[in-house]
């Protein structure tokens, strides 16, 4: 295969990347968009093997084979609740790969005592390595927090100043490595860059996790684009640029959904509390499955609000069966999705799509909020912080100003919850104490099954 053919293959791959990304904008075409982008990546990988002067082909094939087998098996076995952790790990691996490319270029230049790349290429190698290293270790910490292996937040006095000092030191060592091509400066640069990723993520708050995952995704894309220039591979430049741009746009949208600016996300103490919040008066009032089923059966409008708890309980299929029962009775049913519900962007959409919920029944926050006032019953399963009204009423709350689903405005609210614990942000939910709210305690899947059984009983067992 000649070089022009390789370049043409990269162009075709880039076109498929772009078309695939465009199709991912809609749930109806997202699956085919992923497939198109996958075909594009396959074309790019195959074309790369025909670049002139390529070495270590055997090692490349072996590494790809191991990676494909391991990830195929893992991808098949990972439960949907662990999908955010897998995304964090895979994103970190992408950043680590970009950092490794930069490391090899710097180490090779140091060994040769002369730059084998142009100054611009070496500069981009350093920048890509810095961003990729931060994404690698930051994503690893995010994975540990999402997987429950580490506390949600870890802070110490003067942390932001210390982080800034490490960042400046990393940039300084990178500049010295670039200017001197000395191996000690290169090693110091990578140690500090990897440490910076850890320190940036340690103070992360649970409620900010979707924003941070999006941010590191953007970091990885930018790192890959820089290293694509270093390697002279157009497909990497285009793919990395698209991932970086899409990741930055998604980060902006997630930050807006969390009432945070990009500056706040990048340079502040992630999830820093604005205060403990005001004391919530009243008490939680329980309800039985039979009464909750009757309330929904004779309602005109029901809005179902899923959250991460639904994913943990694997209750999405039973919840959809419940919705189908209500629809058969003539009840108007919709699903309301908050932009940051779950542990990563789009988490709830994936769960509902897996259960077979039609896309036209799923509403975004901005579309559904005006309808809550005319909703007879809002059924909340596993959602907590994204329906907490203190975000609008309590300036001392850590989540004050965060856009929420206005579930509290519904005539009746039923909350399916395992116990009386707080949400991922670690604060009490005023919705649970509201006069129009009833708590239906139990495992999400078991409670949903009980509700379906009660509806069947109301229908005469059919």
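Here are some notes:
A quick yes/no check of all residues on (1) under 30 Å from residue 178 (Cα atoms); (2) without any contact (Cβ under 8 Å) to a residue 60 or more places away in the chain; (3) exposed (fewer than 14 other Cβ atoms within 10 Å of the Cβ):
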residue: 38; (1), (2), (3): no, yes, yes
residue: 55; (1), (2), (3): yes, yes, yes
residue: 58; (1), (2), (3): no, yes, yes
residue: 92; (1), (2), (3): yes, no, no
residue: 106; (1), (2), (3): yes, no, no
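- Selected residue [surrounded by 11 or more Cβ atoms within 10 Å (Cβ to Cβ), farther than 24 Å from residue 4 by Cα and either modelled with pLDDT of 90 or more or in the same structural domain as residue 359 (by TED's automatic domain parsing) (or both)] from 62, 30: 62
- With respect to the conditions (1) under 20 Å from the mean Cα position of the chain (by Cα); (2) part of a helix (DSSP H, G or I); (3) closer than 23 Å to residue 164 by Cβ, residue 191 lacks only one, and its number is (1).
- Residue 351 vs. criteria touching a residue at least 24 places away in the same chain (Cβ under 8 Å) and under 20 Å from the mean Cα position of the chain (by Cα): yes
The values are calculated or read from the model by the stated rules, or taken from the named source; none is laboratory data. Bear in mind that the values here come from a model prediction, so they are computed numbers and not experimental data. Quick reminder, even Gly has a Cβ in these numbers, built from the backbone with ideal geometry, and neighbours come from all protein chains shown.
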